[in-house]
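Accompanying notes for the structure given below.
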Amino acid sequence: MTIDLPHKRVPIDEARALVIGAVRLLETESVPLSELAGRTLGATITAPHDLPAHANSAMDGYAVAARSTGPWTTSAQILAGDNPAPLAPATAAAIATGGVLPDGADAVIPIEQVVEADGTVTATGVVRTGDHVRPRGADVQKGDRVLLPGTRLSPLAVSAIAGLGLTEAVCIRRPRVAVLSTGDELVPPGMTLQRGQIHESNSVLVAATLIALGCEIVTIGSVADTADATHDAFAAAIGSADLVVSTGGVSVGPRDYVKPALHALNVTELFWRIATQPGQPVWCGSAPDGTLVAGLPGNPLSCLVGLHLLLAPAVRAMTGDTPEPVTIRASLAASITQLPSRLRAIPMLLRDGQLEQLGAGSSHQLSRAARANALALIPMGDGELLAGTLVDAVPLV
Ligand code: AMP
Ligand code: MG
């Protein structure tokens, strides 16, 4: 069964809301510290104790009681890691950065601000309570919420978890993705092209992008342009993944079997065709078991648009992260023509705050686009956006 034309082209925001609405938050699992980078938290990280756990010195210097006046004799030496005895009254303790402040001391005089003579030290300035001391709990206090569910863990965030003394964290499990490439003309890289053939590249783009977003790729398959092969490949993929992504075969060509195969598998259509250029012939649907199925167009730069503007948001929604793409505002290096009824999404090189076009004027010009690091979004309109105009751009992972 095929779907009859005409289908309206769905505005990208509407299409994105439909895919986000069609996915569910995945389950959580415990993940060890060494594997946390890039994962998304499924539970709040709470400080198990005050941090710093003990008041300590922010400088190499001398710990003293601020109310005492020097010169002080040095009664102890405290290194980072020591558990010091109380400070002897009216004395100073030499202390290293990170050294625990001894009981009885409430200030540290940096080594640069003392004069040492005759076995004593004298402050060259006024010493106040709390000077150069890192108080207990100054970073966080026991019970404070440090990181919230939905946070994508950067190396810095993971180090903060380590700094709290935790060895694991509850994360959303990785979304499982099956990637299928359709097209009889496709051959793997490494093979010599016969006339009519092209090297398959879309699955590389899809898999690498989704891996960078924290997904696990469970299948990569090539599918011949026949109704049966397409049906069977989708049937197998839907049972194994949270998201099935195909490329090619989703338009109105004689060998475009993706839509009929998905209808036969009772995948409910969310939409077909989005109001973008390139990237228009995307089909998205929801399988009976809840799997999101996306048929992206075969042209590589069309594929890129659906991947970043629809599937990346869907994956973020599955992991509890903010789904909408984070855009940056940047100025166009050269003027560009708008389209009246479609958003243009063009790979560009963002450099020094400017978006440079790379001459990839058509959706198949992958090599020209290869240096792009952002997808510039040129809003619908009937004019020309001049050089210097600020537009939104989605950073490419
Ligand atoms: P289709 O959407 O199947 O009509 O394909 C549109 C264009 O994209 C054709 O020129 C295909 O050869 C090309 N194409 C399809 N799939 C891929 C792929 N996996 N890698 C690279 N190019 C592809
Ligand atoms: Mg095809």
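Solvent exposure of the chain, expressed per residue, is 47 Å² of accessible area, with all protein chains present and a 1.4 angstrom probe. With the convex hull drawn over the C-alpha atoms of the range 185-278, the volume per residue is 137 Å³. When SER341, SER367 are compared by accessible area of protein heavy atoms, the largest-first order is SER367, SER341, using a 1.4 Å probe.
Relative contact order of the chain: 17 percent, from C-alpha pairs under 8 Å at least 6 residues apart in sequence.
How large is the dipole of the range 265-397 about the Cα centre if only Lys and Arg carry +1 and Asp and Glu carry -1, each at its Cβ, rounded to the nearest 20 debye?
It works out to roughly 260 debye.
Translational diffusion of the chain was estimated from the Stokes-Einstein equation, with Rh taken as the Kirkwood radius over Cα pairs; at 10 °C and 1.306 mPa s the coefficient is 64 µm²/s.
With every protein chain in place and a 1.4 angstrom probe, the accessible-area ranking of THR322, THR230, largest first, reads THR322, THR230. Solvent-accessible area of the range 60-108 (1.4 angstrom probe, protein heavy atoms only): carbon and sulfur portion equals 52 percent.
Please arrange THR122, THR276 by accessible surface area, largest first, computed with a 1.4 Å probe and ligands excluded. Display every interim value, and only then the final one.
Working: THR122 55, THR276 0 Å².
So, going from the largest accessible area down, we get THR122, THR276.
Dipole magnitude of the chain about its Cα centre, charges +1 at Lys/Arg Cβ and -1 at Asp/Glu Cβ only, in debye to the nearest 20? Before the final figure, lay out each step's value.
Details: 26 positive and 36 negative charges, 153 e Å.
The dipole magnitude comes to about 740 debye.
Report ILE217's accessible area, 1.4 Å probe, all protein chains in place, as a number in Å² to the nearest 10. The accessible area of ILE217 comes to roughly 40 Å². Projecting the Cα atoms of GLY253, HIS231, ALA287 onto the charge dipole of the range 223-304, computed from C-beta unit charges around the Cα centre, puts GLY253 farthest toward the positive end. Considering only protein heavy atoms and a probe of 1.4 Å, how much of the accessible area of the range 246-397 is carbon and sulfur, as a whole percent? Using a 1.4 Å probe with all protein chains present, the range 246-397 comes out at 50 percent carbon and sulfur. Name the shape class, rounded, prolate or oblate, that the alpha-carbon gyration tensor gives for the range 223-319, where a ≥ b ≥ c are the square roots of its eigenvalues, rounded holds for a/c under 1.5, and otherwise prolate holds if a/b is larger than b/c and oblate otherwise. The shape class here is oblate. The radius of gyration of the Cα set in the range 270-362, together with its Dmax, comes out at 15.0, 47 angstrom. For the chain, what is the mean residue ellipticity at 222 nm derived from helices alone (per DSSP H run of n ≥ 4: -39500 (n - 2.57); sum divided by total residues; nearest 500 deg cm²/dmol)? Calculated at 222 nm, the ellipticity per residue is -5000 deg cm²/dmol.
Could you tell me whether the range 100-143 comes out rounded, prolate or oblate from its Cα gyration tensor? Rule is a ≥ b ≥ c as square roots of the eigenvalues, rounded for a/c under 1.5, then prolate if a/b exceeds b/c, otherwise oblate. Because a/c hits 1.5 or more and a/b exceeds b/c, the range 100-143 counts as prolate. In the range 49-157, Cα pairs under 8 Å separated by at least six residues give a relative contact order of 36 percent.
Anisotropy class assigned to the range 164-206 is prolate, per the alpha carbon gyration tensor with a/c at or over the 1.5 cut-off and a/b larger than b/c. The accessible area of GLU27, taken with all protein chains in place and a 1.4 Å probe, comes to roughly 90 Å².
The values are calculated or read from the model by the stated rules, or taken from the named source; none is laboratory data. Since this is a predicted model, take the numbers as computed values, not measurements. Note that we place each Cβ from the backbone using ideal geometry, even for glycine, and neighbour counts take in every protein chain shown. Note: accessible area is taken over every heavy atom of the protein model, side chains too, but ligands, DNA and RNA are not part of it. Shrake-Rupley method; radii C 1.70, N 1.55, O 1.52, S 1.80 Å.
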